[in-house]
Amino acid sequence: MSRKHFGAAFGLLLFLIPVFLLLNVCSGSVHIPMAEIRQALMGASGTSADIVRGIRLPRALAALLLGGALGLSGYLLQSFFHNPIAGPFILGISSGAKLFVALVLVSALSLSLPPASWTLIGAAFAGALLSMGFILLMARFVNGMSVLIIGGVMIGYICSAITDLVVTFAADADIVNLHNWSRGSFSGITWQNVAVMACVILPVLAVTFLISKPLSAYLLGESHAAGVGVNLRLFRILLVLLSSLLAACVTAFAGPVSFVGVAVPHLVKRLLRTNQPLAMIPACFFGGGLFCLASDLLARTLFAPSELAISAVTAVLGGPVVIAVLLRRKGGGRYA
C-alpha cells in the first residue's frame, strides 16, 4: 500500500461522510433547502429548524456513530475468529443483545417506567456477552469454522424467535414502536441518545486503535503473537469485550442492523489495499458510518413518506458483498 493511494482512499471516505450527512439532513418526505438548513444550524426557529435540529441531524449523527461501531465490531470479530464472514449479526451477537433489550423494554413499559439509555446498553451488553459465550463454548468442541458460523446463525434465530414472542406481550400503544425497533431503525434518536452512544463508542474506538500493534501480530498467527509477547488470553478477552460492547450499543438504540459488520471490512480492505489494523481500524469506523448513512438515506427516501427497515436496505447492499467473499474463497466451503 503506497502512502499516496492510502491518502487518496482515506480522503475519499472523509469527503463522502459530510456529503451524506448533508444529504440525510436535506432529504426526506419534506425537502429542506440548504439556506434553511444553514439558518437552522445558526439557531433560527420554525418548522424546518425543528425538523433539522430535532429529528434529522441527531438521526444522521447516530447513523454515523452506530454504523462505525458495526464496521469496527465486524473487523474485530473477523480478526478474532480468523473468519471472513464473522460479524455481530451473523454470529447471533446482535440477536442476543436484542433479546435482552426487548425484555427490559417490555418490563419497563408495562410498569410505565421508560428505561434509561445506560440501562438499555447494559442489557444489550449482557445479551451480547451471553451469545458470544455460547459461540466460544462451541468453538472448544468444533474444529470447522463453517459449523461455528452455522451455530451462530441458529443462536440468532432462537433469540429472534424469543424476542418476537416477548414483543407480543407489549401493550398495544407500544407494540408498533417495539416492532419497528426489532426490525432495525434509526428513527426516534434524540440528542441525549447521541451523547450516550458517543460516550460509549468513541472511547472503544480509541482503545481499539491503541491495540493495533498487538492486533497486527495476532493476525499473523497466535504463535507469532505469543512469540512477540502478546498475552493471548487477555487479548482475546479484550477483543470479545470491545466487539460485544460496540454491537450492544448499536442494538440498544437501533435494533439489529444486518450485514454491515460483515461487508464493511471487506469493502474497506479493497479500497485501502491493506489489512493492517493501523489503517483498517479508523477506515472501518468511517466506512461503516458512511454505509449506514447511505442505507438510512435510501430507507427514508425510496418510498417516502413510507420508511423501510434499515436492515432491509443493509441486507440488499451488504448481502452481495458477503456472497462475493464466499465465491472468492478457495477450497470450496472452508472458512478458515
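Looking for whichever is surrounded by 24 or more Cβ atoms within 10 Å (Cβ to Cβ) and polar (S, T, N, Q) here; the options are Ser216, Ser258, Ser223. Which one fits?
Working: Ser216 fails: surrounded by 24 or more Cβ atoms within 10 Å (Cβ to Cβ); Ser223 fails: surrounded by 24 or more Cβ atoms within 10 Å (Cβ to Cβ).
Step by step, each of Ser216, Ser258, Ser223 is checked, and only Ser258 is surrounded by 24 or more Cβ atoms within 10 Å (Cβ to Cβ) and polar (S, T, N, Q).
Applying the selection to region 21-60, what residues are assigned to a loop (DSSP other than H, G, I, E, B) and closer than 16 Å to Phe186 by Cα?
Selection gives Ser27, Gly28, Ser29.
Ala279 meets each of the listed conditions (1) hydrophobic (A, V, I, L, M, F, W, C); (2) in contact with a helix residue (DSSP H, G or I) (Cβ under 8 Å, 6 or more places away or on another chain); (3) free of Cβ contacts under 8 Å to residues at least 60 places away in the same chain apart from (3).
Checking each residue in region 75-127 for being surrounded by fewer than 24 Cβ atoms within 10 Å (Cβ to Cβ), hydroxyl-bearing (Ser, Thr, Tyr) and in contact (Cβ under 8 Å) with a residue 12 or more places away in the chain picks out Ser79, Ser110, Ser117, Thr119. None of Ile32, Ile85, Ile51 is among the β-branched types (Val, Ile, Thr) and at pLDDT 85 or above except Ile51. Of Ser244, Ser295, Ser306, all but one fail to be closer than 22 Å to Ser160 by Cα and of a type in the set (Gly, Ala, Ser); the exception is Ser244.
Quick grid of which residues meet (1) farther than 30 Å from Ser131 by Cβ; (2) among the acidic types (Asp, Glu); (3) under 17 Å from the mean Cα position of the chain (by Cα):
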| site | (1), (2), (3) |
| --- | --- |
| Arg3 | yes, no, no |
| Leu16 | yes, no, no |
| Gly28 | yes, no, no |
| Gly46 | yes, no, no |
| Asp50 | yes, yes, no |
| Phe89 | no, no, yes |
| Gly96 | no, no, yes |
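The single residue among Leu103, Leu99, Leu77 that is over 23 Å from Ala315 (Cβ atoms), of a type outside the set (Val, Ile, Thr) and in a helix (DSSP H, G or I) turns out to be Leu103. Of the residues Gly67, Gly43, Gly54, Gly7, the single one that is closer than 16 Å to Cys249 by Cα and of a type in the set (Gly, Ala, Ser) is Gly67. If you go through region 164-190 and keep only what is in a helix (DSSP H, G or I), within 30 Å of Leu57 (Cβ to Cβ) and either touching a helix residue (DSSP H, G or I) at 6+ places or on another chain (Cβ under 7 Å) or at pLDDT 80 or above (or both), you end up with Val167, Asp174, Ile175, Leu178, His179, Ser182, Arg183.
The values are calculated or read from the model by the stated rules, or taken from the named source; none is laboratory data. What you are looking at is a predicted structure, and each value in this text was computed from that prediction instead of being measured. Quick reminder, even Gly has a Cβ in these numbers, built from the backbone with ideal geometry, and neighbours come from all protein chains shown.
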